[in-house]
Amino acid sequence: MEVRHLRYFVAVEAADHFYNAARVVASGAGRPITHADVTPASVSGEIDLLLEDERYRDVAAAIAAEIAAMPPARDALPALTALADQGQSERGKA
């Protein structure tokens, strides 16, 4: 699986957007903007900053390396199946 070194520009409006944006900012991988602040100039400025500031690229590269080192999702299937089977058997006891 190819993992790219993506920087994140998060448009925050509602629901879990605020939490997700806070995590992206805390990681150093990106920047948030609220929908109320979205203009062509503000979006352009934020994207320019993300592309020009090497800190965002470096953090994105580190996160990409971390993701690339993870086992593939298909390796989780046996564990998930076992958990599902365990839940089925526990419900049968009740």
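The numbers here are math on the coordinates, done by the rules we state, and not lab data. Everything numeric here is computed off the predicted structure, so don't read it as measured data. Cβ: placed from backbone, ideal geometry, glycine included. Neighbour counts: every protein chain shown.
Decide, for the chain, between rounded, prolate and oblate: order the square roots of the alpha carbon gyration tensor eigenvalues as a ≥ b ≥ c, take rounded if a/c falls under 1.5, and otherwise choose prolate if a/b is larger than b/c, else oblate. Verdict is oblate for the chain. Estimated from the Cβ-Cβ distance and a Förster radius of 25 angstrom, the FRET efficiency linking Ala69 and Arg23 is about 0.80. Under 5 Å between amide hydrogens, built in the peptide plane, is the criterion, and for Thr34 it picks out Val12 among residues at least 5 positions away or on other chains.
Packing around the peptides 51-58, 37-44, taken as the average count of other Cβ atoms within 10 Å per residue, puts them in this order, highest first: 51-58, 37-44. Counting only other residues whose beta carbon sits under 11 Å from that of Leu51, what net charge do I get with K and R as +1, D and E as -1? Net of charged neighbours comes to -3. I need to check one value: relative contact order of the chain, counting alpha carbon pairs closer than 8 Å and at least 6 residues apart, in percent. Reported relative contact order: 32 percent. Given a Förster distance of 30 angstrom, what is the FRET efficiency for Arg55 paired with His35, based on the Cβ-Cβ distance and rounded to 0.05? In this case the efficiency is close to 0.70.
Rounded to the nearest 10 degrees, the angle from helix 40-52 to the longest Cα principal axis of the chain is 70 degrees.
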